């Protein structure tokens, strides 16, 4: 199975580095998955989604309690009618669900997909994640590795 792992966030905004840290850790593992790190989700990622058999997104969350991990099955969250608008004013231009909707409309494929998020608390300028979020990097990496193997 051809997996796509997309870790996104900002590596200079504290806990927002979480998605990138998990993706970088997976990239160093023994995996054949295509691993991408990016600051923003953009429509151009649909081309990578088109050729994937499964997609996993990883990000930090402002709404979950600090250090809480959640895995959202995006396959069951999809509305394949019309994609949500991409925001030009946020740090993440598109939501993963939007990219999956665009992929379905343009390519007719619906790969299984999940979003792993962890609750963060510190999103100001810093290259360091909080200890609670940093501790979740290995936990989420292991969950993802188990899913894709």
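Answer yes if at least one residue in region 90-110 is in a loop (DSSP other than H, G, I, E, B), in contact with a helix residue (DSSP H, G or I) (Cβ under 6 Å, 6 or more places away or on another chain), surrounded by fewer than 18 Cβ atoms within 10 Å (Cβ to Cβ) and at pLDDT 95 or above, and no otherwise.
No, every residue in region 90-110 fails to be in a loop (DSSP other than H, G, I, E, B), in contact with a helix residue (DSSP H, G or I) (Cβ under 6 Å, 6 or more places away or on another chain), surrounded by fewer than 18 Cβ atoms within 10 Å (Cβ to Cβ) and at pLDDT 95 or above.
Going through region 47-73 one residue at a time, which ones are buried (at least 20 other Cβ atoms within 10 Å of the Cβ) and either in contact with a helix residue (DSSP H, G or I) (Cβ under 7 Å, 6 or more places away or on another chain) or modelled with pLDDT under 95 (or both)?
Scanning region 47-73 gives 49, 55, 56, 57, 58, 59, 60.
Only residues that are without any contact (Cβ under 8 Å) to a residue 24 or more places away in the chain and part of a loop (DSSP other than H, G, I, E, B): list them for region 15-62, please.
Here is the first cut: in region 15-62, the ones without any contact (Cβ under 8 Å) to a residue 24 or more places away in the chain are 20, 24, 27-28, 30, 44, 47.
Residues satisfying the conditions are 28, 30.
Of the numbered conditions (1) closer than 21 Å to residue 3 by Cα; (2) over 12 Å from the mean Cα position of the chain (by Cα); (3) at pLDDT 95 or above; (4) surrounded by 15 or more Cβ atoms within 10 Å (Cβ to Cβ), residue 31 satisfies every one except a single condition; which is it?
Answer for residue 31: the failing condition is (3).
The values are calculated or read from the model by the stated rules, or taken from the named source; none is laboratory data. For clarity, every value in this text was computed on a predicted model and none was experimentally measured. Because the Cβ atoms are built from the backbone with ideal geometry, glycine has one as well, and the counts that use them run over all protein chains shown.
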